[in-house]
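First up is the structure itself, then whatever we jot down about it.
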Amino acid sequence: MERKLITGNGAAAWGARLADVDYIPAFPITPQTEIVERLSAWVEGGDMAARMVMLESEHSMLTAAGAAAATGVRVFTATSSQGLLYGMEMLYTVAGWHVPLVLVNVSRGLAAPITLEPDHNDVMAARDSGFLQIHCSTCQEVLDSILLAYRMAEDPRVRLPVLVNLDGFYLSFTREPVLLPAADAVREYLPPFDPQHTAFRGGAPQAQAVAVLGGSLYSYFRYELHQAAMQALPAYEDAAREFERRFGRYHPAVEAYRMDDAEFAFVMIGAFATKAKAAVDAMRADGWRIGLIRPRLLRPFPEADIVAAASGLRGIAVIDQNLSAGYGGILQHELSAALFRAGSQAKVAGFVGGLGGRDIPLEEFVAMAQDARTAADGAPMPPTRLLFTESELRNTRRMQEIAQHHD
Amino acid sequence: MTTQYKSLKDLPREHQMAPGTAMCAGCGGLEAIKQIADVLGENTVFVNAAGCMTLLSVYPHTPFRGSWLYTAMGSAPAGAQGVRDALDVLMRRGRIPAEENLKVVVLTGDGAANGIGLGSTSGAMDRGLDFYYVCYDNEGYGNTGHQTSSATPLGAETATAHSNAGGKKDLFGIWVAHRPAYVATVAGAEPVDLARKVERAMGLQGPKMFIAFAPCPTGWHFEPRESVEVGKLAVKTGLWPLKEYVDGKVVHTRPPRPRGERPALEEYLRTQGRYRHLFEPRRDEAMLARLQAQVDAYWDSAA
């Protein structure tokens, strides 16, 4: 076991290295590129036995990734934002192939406008694809989650690709101390890739991904995909408990931070959730009974764990670092549906913030909690609030004048 | 170069594809693919892009003795990259023996090859991928009802053009510019020429690229039983040059007779309803002359 100061991208590269992956199809995109560069240095230097190939687009990269997994090897790849969307067709396709692999997404706000800052609209767009999703908020989590992802993906109950998300720019480029498990210990946690029944080789021909005509038959295969994804709930828990047994760290499907006697909670995912943790600490010191519910698994949706964490709460402030134009934040609506189904009485106040990496200062966390409390006390539920200040608006107007913007 | 294919009698007896697929009667594309598959023999995996041939394998059946992977319309060569690389890794890391290796064969129509798939083809060739590419060229987006593609020739009628105003993309030239191991045009109507080319390619490492002339009764409007004759006329008139690129040179393997001795292009055009507007209600002399001149100019410069 070694302790290194590494970035989120570095942790992702270490995850692939420790997992002893066989194949890395790659394509550069900010802010993921460092992963590709680190891996290629290791491959060229003989530190990794993997074959690495630069494809000519993310759509090709994801096709090569899935095809290699369908042939029978352990595959790692990475992308961000526009790249994830460029290959979106292949996310659905590869999931439908029922092949395990790990795709790291270093999330970045989507065009338009084109930007170089983080948020979660990219990874949310992959939500329905059949790829499972794990969301990280620290560099340690990134490395550990890649190992967890392979174990879950390759579980015979699952056999699905997994997306491991880390926030671009903030987590990708921030150095944190990370414990690197020993390679032989990881090899015991992740034995060599077993293709099970899905493989291409001479002497045992297989036709994979063939056309399926007829609604009934097509439905069967799609339901099977969904059921495999649902099986990832127990498979993840098994993988996480085994990881804890071997490496001493437990990464639950849903983190409950200071939730024991909480009346209120923030719900957030990713690196910005560490800001919510800091807000929880400050507000508890001020007398609030407040905590943070931080889902790590988003697909499969850990409904039971979230409902359990929210049990007894009066109010919840959900902060979505994504925006579904025309409705609001995506997590807010998934959470509300789960709580409604469970008969929860908690009032859910929805907020959209952190788009394009917009900071969320402590005052805003306090204001959001106050909104949740006001709703819990019986005031009418406010609509989804978009976090933005008057001074920001003044600044925007100044920019628009310079740009000769006309209303 | 020595070859085991000197006449029709030498063609493989053992077939790699079963009959009874959903392809149209008289499909010239299927004719060529079956012949190519027979020469390639066992231990193949066909990596397919969206097109007519996608419907060869429909759950729960496949006509192939070998393996099959449907990918997407634009990325079959990238799929081939993944399969080829994975097989190499499996052999290098001792997880499969060399005898279990496969020949990786991309199979696409002209639509994917000339347009949406051109980028991924270019990438695969640029990386020197060791694979085969079989493009069946029926000169349009066939599976969706024969709309104009960039392989549709000048003057042809399609579902989206009364008389195509564009020209046929020079896919052979585009592929040759990448300096792959091998490029060839073939036709199912010329089986011995086809077999020799596949045989030749099999001895080479790297991208081995084929464009197969694919007479299409459904899209070109002729009777299925005429399919072979349409293919033969395409070669005899000089419209479909049979050629190969290898060792830096382009060689024509079955050139037509010289101008004046080879049949007029009209004989070929008359066989298909997609060119009927050049003859009825009136002969379009200007277009007919232009099309003939195109063929003649090609062979003049090839000489």
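The values are calculated or read from the model by the stated rules, or taken from the named source; none is laboratory data. Please read all numbers here as calculations on a predicted model, not as lab measurements. Cβ coordinates were reconstructed from backbone atoms using ideal geometry, including for glycine residues, and neighbour counts include every protein chain displayed.
A few remarks follow.
- Within the stretch A:174-196, the set of residues being loosely packed, with under 15 Cβ neighbours inside 10 Å and not aliphatic (A, V, I, L, M) comprises A:ARG175, A:PRO177, A:ASP184, A:ARG187, A:GLU188, A:PRO191, A:PRO192, A:ASP194, A:GLN196.
- Within the stretch A:102-141, the set of residues being crowded, with 24+ Cβ neighbours inside 10 Å, farther than 20 Å from A:GLU237 by Cα and polar (S, T, N, Q) comprises A:ASN105, A:SER107.
- Taken over the stretch B:90-118, the residue count meeting the criterion of being buried (at least 22 other Cβ atoms within 10 Å of the Cβ) and either assigned to a strand (DSSP E or B) or more than 8 Å from chain A (Cβ to nearest Cβ) (or both) is 12.
- Selection within the stretch A:66-101 - over 16 Å from the mean Cα position of the chain (by Cα), without any contact (Cβ under 8 Å) to a residue 60 or more places away in the chain and either buried (at least 24 other Cβ atoms within 10 Å of the Cβ) or not assigned by TED's automatic domain parsing to the domain that holds A:HIS120 (or both): A:ALA67, A:ALA68, A:VAL75, A:GLY87, A:MET90
- Being of a type outside the set (A, V, I, L, M, F, W, C) and within 15 Å of the chain's Cα centre (by Cα) holds for only one residue in B:GLY74, B:GLY79, B:GLY94, B:GLY111, and it is B:GLY111.
- Of all residues in the stretch B:211-223, none that is more than 11 Å from B:GLN272 (Cβ to Cβ) has its Cβ atom under 6 Å from the Cβ atom of a residue that is of a type in the set (Lys, Arg), 6 or more apart or on another chain.
- Unique residue being of a type outside the set (Ser, Thr, Tyr) and touching a strand residue (DSSP E or B) at 6+ places or on another chain (Cβ under 6 Å) when the list is A:ALA49, A:ALA11, A:ALA41, A:ALA19: A:ALA11
- Among the residues of the stretch B:279-287, some residue qualifies, meaning at least one is surrounded by fewer than 14 Cβ atoms within 10 Å (Cβ to Cβ) and not in a loop (DSSP other than H, G, I, E, B).
- Enumeration of residues in the stretch A:1-36 that are more than 19 Å from A:ARG74 (Cα to Cα) and under 22 Å from the mean Cα position of the chain (by Cα): A:ILE6, A:THR7, A:GLY8, A:ASN9, A:GLY10, A:PRO28, A:ILE29, A:THR30, A:PRO31, A:GLN32, A:THR33, A:GLU34
- From the list A:GLU117, A:GLU154, the lone residue that is under 26 Å from A:ARG241 (Cβ atoms) and outside the structural domain of A:ASP359 (by TED's automatic domain parsing) is A:GLU154.
- Within the stretch A:160-212, the only residue that satisfies the criterion of being within 13 Å of another protein chain (Cβ to nearest Cβ) and of a type in the set (Ser, Thr, Tyr) is A:THR198.
- Counting the residues of the stretch A:194-215 that are touching a residue at least 24 places away in the same chain (Cβ under 8 Å), in contact with a Phe, Trp or Tyr (Cβ under 9 Å, 6 or more places away or on another chain) and of a type outside the set (A, V, I, L, M) gives 2.
A quick yes/no check of all residues on (1) hydrophobic (A, V, I, L, M, F, W, C); (2) surrounded by fewer than 18 Cβ atoms within 10 Å (Cβ to Cβ):
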{"position": "A:VAL212", "(1), (2)": "yes, yes"}
{"position": "A:SER219", "(1), (2)": "no, yes"}
{"position": "A:MET230", "(1), (2)": "yes, yes"}
{"position": "A:ASP238", "(1), (2)": "no, yes"}
{"position": "A:ASP261", "(1), (2)": "no, yes"}
{"position": "A:ALA271", "(1), (2)": "yes, no"}
{"position": "A:ALA278", "(1), (2)": "yes, yes"}
{"position": "A:GLY287", "(1), (2)": "no, yes"}
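- The one condition in (1) part of a strand (DSSP E or B); (2) modelled with pLDDT under 95 that A:PHE351 fails to fulfil: (2)
- Looking across the stretch B:7-37 at every residue that is touching a Lys or Arg at 6+ places or on another chain (Cβ under 9 Å) and farther than 22 Å from A:GLN206 by Cβ, the one that is nearest to the other protein chains (Cβ to nearest Cβ) is identified as B:ALA25.
- Only residues that are surrounded by 21 or more Cβ atoms within 10 Å (Cβ to Cβ), among the aliphatic types (A, V, I, L, M) and either away from chain B (no Cβ under 14 Å) or over 27 Å from A:ALA70 (Cβ atoms) (or both) were counted in the stretch A:1-28, giving 7.
- Single residue of A:ALA282, A:ALA278, A:ALA240, A:ALA273 found to be away from chain B (no Cβ under 11 Å), in contact with a Lys or Arg (Cβ under 8 Å, 6 or more places away or on another chain) and of a type outside the set (Val, Ile, Thr): A:ALA273
- When A:TYR236, A:TYR218 are screened for being hydroxyl-bearing (Ser, Thr, Tyr) and in contact (Cβ under 8 Å) with a residue 12 or more places away in the chain, only A:TYR236 passes.
- Among the residues of the stretch B:156-189, those identified as buried (at least 22 other Cβ atoms within 10 Å of the Cβ), within 26 Å of B:VAL228 (Cβ to Cβ) and not polar (S, T, N, Q) are B:ALA156, B:GLU157, B:TYR182, B:VAL183, B:ALA184, B:VAL186, B:ALA187, B:GLY188, B:ALA189.
- Test for A:PHE340: is it under 25 Å from the mean Cα position of the chain (by Cα), assigned to a helix (DSSP H, G or I) and assigned by TED's automatic domain parsing to the domain that holds A:ILE290: yes
- Subset of the stretch B:22-67 [over 17 Å from the mean Cα position of the chain (by Cα) and under 19 Å from B:ASP130 (Cβ atoms)]: B:GLY41, B:GLU42, B:ASN43, B:THR44, B:VAL45, B:GLY66, B:SER67
- Subset of the stretch B:55-78 (residues that are more than 17 Å from A:MET90 (Cα to Cα) and either surrounded by fewer than 19 Cβ atoms within 10 Å (Cβ to Cβ) or within 7 Å of chain A (Cβ to nearest Cβ) (or both)): B:LEU55, B:SER57, B:VAL58, B:TYR59, B:PRO60, B:HIS61, B:THR62, B:PHE64, B:ARG65, B:GLY66, B:SER67, B:TRP68
- Selection count where residues are polar (S, T, N, Q), touching a residue at least 12 places away in the same chain (Cβ under 8 Å) and in a loop (DSSP other than H, G, I, E, B), scope the stretch B:1-45: 6
- For B:LEU40, the conditions (1) among the aliphatic types (A, V, I, L, M); (2) facing chain A (nearest Cβ under 9 Å); (3) under 24 Å from B:THR185 (Cβ atoms) are fulfilled apart from (2).
- Some residue of the stretch A:36-43 being polar (S, T, N, Q), more than 14 Å from every other protein chain (Cβ to nearest Cβ), surrounded by fewer than 22 Cβ atoms within 10 Å (Cβ to Cβ) and in contact (Cβ under 8 Å) with a residue 12 or more places away in the chain: yes
- Any hit, the stretch B:119-133, residues being closer than 27 Å to B:VAL176 by Cα, among the hydrophobic types (A, V, I, L, M, F, W, C), within 11 Å of chain A (Cβ to nearest Cβ) and not in a loop (DSSP other than H, G, I, E, B): yes
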